[in-house]
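Since the structure comes first, as structure tokens, the remarks are kept for the end.
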Amino acid sequence: MNLHEYQGKEILASFGVRIQRGLVAYNAKEAVDAAKQLTQETGTGWHVIKAQVHAGGRGKGGGVKLAKNLREVEEIAGSIIGMNLVTPQTSAEGKKVHKVLVAEDVYYPGDSETSEFYMSVLLNRAAGRNMIMYSTEGGMDIEEVAEKTPHLIFTEEINPSTGLLPFQARKIAFNLGLSGMAFKEMTKFVTNLYKAYVESDASLFEINPVLKTSDDKIMAVDAKVSIDDNALYRRKQYAEMRDLLEENPIEVEARAVGLNYVDLDGNVGCMVNGAGLAMATMDLIKMAGGEPANFLDVGGTADAKRVEEAFRIILKDPAVKCILINIFGGIVRCDRVAQGVVDAYKNMGDSIKVPIIVRLQGTNAELAKEIIDNSGLAVHSAVQFQEAADKVKEVLA
């Protein structure tokens, strides 16, 4: 689950990480009020207006701007809120901005004593350990740094049995070229950042940039945070931070009815039970000359109601030209799934306008094929994997 910058900073602050302070605003007036409050609390006269969307590269799309007075705060906030922000990490249509973060300006005019660093905490899947990735090249795209100057990227793997050790935090500060108070501040920053990552059950904490101010303070100027969905049951305070407006509306609807659905850019809808079989089914579609339009795992209870819900979700995608249902009947009997498909088809009436291919294998597969073949509906049955692939190819031709 992705979080907004302001939400990520709230988590960081709760673990003792110094952050660039800010307030959220949903319109220009609220932005001005937020700026006034920040001026009273921090003494800053300039403010940074940041679009709050789940995408990086906001500055490149015009979603991060500096306001030097309250009039500019109002003008900039008014222009950003409601815009479709296009960044390197969004689609061509961009993402609509519903709110902004009004943040204190932590860069002093003419100050050459500041430094920017990159830092992230994530799982190194190859090693099976958490890892801190960091660089002296903060404020830049880490992908560009990795491509052009890979020697400027450092990593520190964390032993899960010991956690982050003090010498590792000091090593990071040393590799970033820090000394004195800034060195001590960075070791504290790294220690608290890693604690936040572990204790919030995050899958990613990315801070770009981490700022060293001229008076040797270390703070997070940005925060990209993802929380592990599987841990939300025990992190209810973070689950409440979910912003459904930032997520694919079809995926949101599917989640609400208990379906594991991921939207893809293809033309063949998939309805499968089991994640592994779903992946194999998408490979099958590719080999048949099609492109999977989604990943959809209906789980082990593929009854008429669940199949109908899956149909409705898949058919919301106008690019779908046909639907392939691929069910292995282990716990669930194939004849019950087949009857569920027939009942769902009849319940939906004329709303199904694309060919449907049903491959059922396992318990009572032959009986299931009879039910499909005798239904009188425009449903193609298949038994073998290759047979299903051939039918996909046939209906797409």
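The values are calculated or read from the model by the stated rules, or taken from the named source; none is laboratory data. These numbers were taken from a predicted model, which means no experiment stands behind them. So basically every Cβ, Gly included, is an ideal-geometry build from the backbone, and we count neighbours across all protein chains shown.
Just a few scattered comments:
- Checking the range 303-313 against the condition returns a match, with at least one residue being farther than 20 Å from residue 382 by Cα, surrounded by 16 or more Cβ atoms within 10 Å (Cβ to Cβ) and hydrophobic (A, V, I, L, M, F, W, C).
- Residue 82 vs. criteria not in a loop (DSSP other than H, G, I, E, B) and not aliphatic (A, V, I, L, M): no
- Helices (runs of 4 or more DSSP H) wholly inside the range 285-396 that include at least 2 residues being under 35 Å from the mean Cα position of the chain (by Cα): 304-315, 334-348, 385-396
- Failed criterion for residue 156 (all others in (1) surrounded by fewer than 17 Cβ atoms within 10 Å (Cβ to Cβ); (2) outside any helix (DSSP H, G or I) hold): (1)
- Take the conditions (1) touching a Lys or Arg at 6+ places or on another chain (Cβ under 6 Å); (2) without any contact (Cβ under 8 Å) to a residue 24 or more places away in the chain; (3) not in a helix (DSSP H, G or I); residue 187 misses just one of them, which is (3).
- Total residues in the range 86-114 satisfying the condition of being of a type in the set (A, V, I, L, M) and at pLDDT 95 or above: the figure is 5.
- The numbered conditions (1) touching a residue at least 24 places away in the same chain (Cβ under 8 Å); (2) not assigned by TED's automatic domain parsing to the domain that holds residue 340 are all true for residue 257 except (2).
- Qualifying residue in the range 36-45 (condition: at pLDDT 95 or above, farther than 26 Å from residue 199 by Cβ and not polar (S, T, N, Q)): yes
- Cβ-Cβ under 8 Å pairs, at least 6 apart or on other chains, the range 56-83 side over 25 Å from residue 141 (Cβ atoms), far side among the basic types (Lys, Arg) and in a helix (DSSP H, G or I): 70/36; 74/29
- Scanning the range 115-137 for residues that are modelled with pLDDT of 95 or more and of a type in the set (A, V, I, L, M) yields 119, 121, 122, 123, 131, 132, 133.
- Of the residues making up the range 222-266, those that are touching a Pro at 6+ places or on another chain (Cβ under 8 Å) and within 25 Å of residue 83 (Cβ to Cβ) number 1.
- Residue 364 falls short on exactly one of the conditions (1) under 24 Å from residue 249 (Cα atoms); (2) at pLDDT below 90; (3) touching a Lys or Arg at 6+ places or on another chain (Cβ under 8 Å), and that condition is (1).
- Cβ-Cβ under 6 Å pairs, at least 6 apart or on other chains, the range 150-163 side touching a residue at least 12 places away in the same chain (Cβ under 8 Å), far side surrounded by 15 or more Cβ atoms within 10 Å (Cβ to Cβ) and part of a loop (DSSP other than H, G, I, E, B): 152/136; 152/137; 158/164
Condition check ((1) over 19 Å from the mean Cα position of the chain (by Cα); (2) under 22 Å from residue 207 (Cα atoms)) across all residues:
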residue	(1), (2)
21	yes, yes
55	no, yes
72	yes, no
107	yes, yes
115	yes, yes
120	no, yes
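- Candidates 196, 231, 173: the one that is part of a helix (DSSP H, G or I), crowded, with 16+ Cβ neighbours inside 10 Å, touching a residue at least 24 places away in the same chain (Cβ under 8 Å) and of a type in the set (Gly, Ala, Ser) is 196.
Residue-by-condition table, conditions (1) more than 19 Å from residue 382 (Cα to Cα); (2) of a type in the set (Asp, Glu):
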position: 265; (1), (2): yes, yes
position: 276; (1), (2): yes, no
position: 283; (1), (2): no, yes
position: 291; (1), (2): yes, yes
position: 294; (1), (2): yes, no
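- Candidate set from the range 199-212 (those that are part of a strand (DSSP E or B) and of a type in the set (S, T, N, Q)); member that is surrounded by the fewest Cβ atoms within 10 Å (Cβ to Cβ): 203
- Residue within the range 177-184 that is within 27 Å of the chain's Cα centre (by Cα), in a helix (DSSP H, G or I) and assigned by TED's automatic domain parsing to the domain that holds residue 124 present: no
- Count of residues meeting criterion [closer than 24 Å to residue 291 by Cβ and touching a helix residue (DSSP H, G or I) at 6+ places or on another chain (Cβ under 9 Å)] in the range 315-344: 13
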